[in-house]
Amino acid sequence: MGKNKINLGFYDSQVNPEQIRTGLLISIIAIGALVVRMILLAVPGIPIINWSRLSEGGIIIGIVGTIVTSRYALYNRKKIAHFGPVESTLLLIAVVIAVGFVNVGLDNSNGIDNYSYFLVLTLVGIIGNNQMRFAVWIFAIASFLASNWYISPVHSGPFWASFIYFSVTLFLINLMIGVIMSTLAGRNKLRISINSMVTHCCNFSSIEEAYNEAVKLLPFAVPSLAVIAFIGNGPNTNKQILGFWSKSKLDPQELLANSELQELVAQSAILTNPKYLVIPSGFTEIGEIFLVILREKSFGYLSRYPDEVAYLIGGGLLRINSEVSNLSRLTKESLTDSLTGLANRRALDIRLTAEVNRSIRSKAPLTIILLDLDNFKLVNDTYGHQVGDEILRSIAAILATRIRGQDLATRYGGEEFMLILPDTNITGAIDLIEELMKSTTSIKQEVGSQHLNVTFSSGIAMLNPDENIDSLIYRSDQALYEAKSRGKNCYVVSDPDLSLGTHK
C-alpha cells in the first residue's frame, strides 16, 4: 500500500514518481516561458498592439481547447479519458506559448502582461508541490524585477512600491493555493487510503482478522506511533486486543493502562486530542470495538482537521463491520446444515481436502467415521418427518458435544453423518464410536405412549499413505454397509486393501 509512494517531506503530500516527473516538467516549462518572455521584452521595435501575435495565440489556445474537449467527448461514456505525462506536457507547452504570443501582442505600459506570471504560478501551484511553488515564486519576482528594470526609465519609489506589491500579491496567491491544495490532496489521499484498507479488510471472514489487518494498514494513511483495536470500554485493562501495531516496542497493555486514554474511551464517542484519536467503531457480534491511534507529528490536512480524519476512519471501520459480519454470516450459513446445525456437505469437502493434504505432508494419522441411523426410513414413514427431524437434531447434539475441538462433525446426507478425526488412529476412533453408541441409548424419543430407541451403524476408515479422498470415503462406506449387513447397531473397521487409488 505504501511501497510505491515517496514522501516529499512537506505538508502531507505523498505523490508517486510519475506525478513528480510531470510536475518537474511543468515547472521547467513555466520557468522557460518566463525566460522567453524576459528575452522578448528586450527586443526593440515590438508594436504596442500586435494583432498578428494575438491571433496566433488565440489559434493555439483554440486548438488546445479542441483537443481536450474532443478527448473527453469521445471517451466520456467509457470514462477512460486520460492525459499521460507526455501529452499533458505538450498541451501545457502549447498553452504557455499561446500566452507568450498574447502577452507580446499587448501593451506592457499598462502592466497587463504581468498576468502571465499569475497564470504560470497558479498552474504550477495546482499541479506541483510546495517546493515547486516557492521556486517559481522566486523566479517570477526576479523575472518581474529584471524585465521592468529594463523597461522602466525611472527606478524611484513608485517602481519599488510596484515591485513589493507584485511580490507580496504573488506570495499570498502562492500561500492560498498551497493551503487549499494541500487540504484537498490530504483529504483525497486519506479517503483513497481508507477505501483501499476497507476493500482489503472486507475480504476476511471474521472481525478479528479484519481488524488485525486494519491496524497494520492505517499507519500508511495517518502518521502514527501506535494503533490498537480492542473490545470493550470498561475500566479494566485486560481487554481483548484484536490488533496492534507499534512503531517502537510499545506494550499494548501499557498503552491501554493509560488513565487519559481510559477516560476518553469511557465516553464511547469519537474524540481527538494532540496525543490520541479515539474511534469507537460500533457493536458487532463479538462486542463493542474501539480503535485508538497514538498520533505522530504531522502537517497539513491531518494536523488541521483531526476530527474529520477520525470520522473518515470511523466510517471506514463501520463498513468493515457491516460487510465482514454479513460475509461471516453468509459463509457460516453456506457451510452449515440448517436442520442440525452441523457442518454441511460443502464444509465437509473443504475440510476433508485440507486434512488429507495435511496428513500426507506430515504423515499424521487421519480417520473418518461414517454413521447411518438404523431403520430411519421406517421411523419417518411410521411416525412422520417431524419425529425424524427431532431424532436427527438429538444425534447431532451428541456428536457435537463428544468430539474434540479439532474434529469436525458433519451431516453427510439424509440420516448419514460423517466425523473427520485428524491425528486419530483406528484405536482412537473405536474409543469414540463406542462412547457415542453408549450416549445414543439415552435418546428415547416419545411418540404418544411409545418410546423409540435410537441406534446407528458406522464404518471406520483410516487414510492410507498416498490414498485419495474418494478411496477413503469408499472404504468407510463399504465398512458401513458391512455393519448394516451384520445386524446394525455396530461398527466395522475398513480393510486398508480396499483402496481405490492414490492421492493426486
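Between 254, 308, 288, 296, the distinction of being more than 30 Å from residue 176 (Cα to Cα), charged (D, E, K, R) and touching a residue at least 12 places away in the same chain (Cβ under 8 Å) belongs to 288 only.
What about residue 469, is it surrounded by fewer than 23 Cβ atoms within 10 Å (Cβ to Cβ) and either of a type in the set (A, V, I, L, M) or at pLDDT 90 or above (or both)? Against the criterion (surrounded by fewer than 23 Cβ atoms within 10 Å (Cβ to Cβ) and either of a type in the set (A, V, I, L, M) or at pLDDT 90 or above (or both)), residue 469 qualifies. One residue stands out in the stretch 282-313 among those that are buried (at least 18 other Cβ atoms within 10 Å of the Cβ) and either in contact with a His (Cβ under 6 Å, 6 or more places away or on another chain) or part of a helix (DSSP H, G or I) (or both): the one that is modelled with the lowest pLDDT, namely 301.
For the stretch 440-458, name all the residues that are modelled with pLDDT under 85 and among the hydroxyl-bearing types (Ser, Thr, Tyr). Steps first, please.
We begin by selecting, within the stretch 440-458, every residue modelled with pLDDT under 85; these are 440-454.
Scanning the stretch 440-458 gives 440, 441, 442, 449.
Could you pull out the residue among 370, 378 that is surrounded by 18 or more Cβ atoms within 10 Å (Cβ to Cβ) and either in contact (Cβ under 8 Å) with a residue 60 or more places away in the chain or assigned by TED's automatic domain parsing to the domain that holds residue 474 (or both)? Step by step, each of 370, 378 is checked, and only 370 is surrounded by 18 or more Cβ atoms within 10 Å (Cβ to Cβ) and either in contact (Cβ under 8 Å) with a residue 60 or more places away in the chain or assigned by TED's automatic domain parsing to the domain that holds residue 474 (or both). Among the candidates 410, 340, 353, the residue that is among the hydroxyl-bearing types (Ser, Thr, Tyr), surrounded by fewer than 18 Cβ atoms within 10 Å (Cβ to Cβ) and in contact with a helix residue (DSSP H, G or I) (Cβ under 9 Å, 6 or more places away or on another chain) is uniquely 353.
The values are calculated or read from the model by the stated rules, or taken from the named source; none is laboratory data. Predicted, not measured: the structure shown is a model, and the values here were computed from it. Don't worry about glycine lacking a Cβ; one is built from the backbone with ideal geometry, like all the others, and counts go over all protein chains shown.
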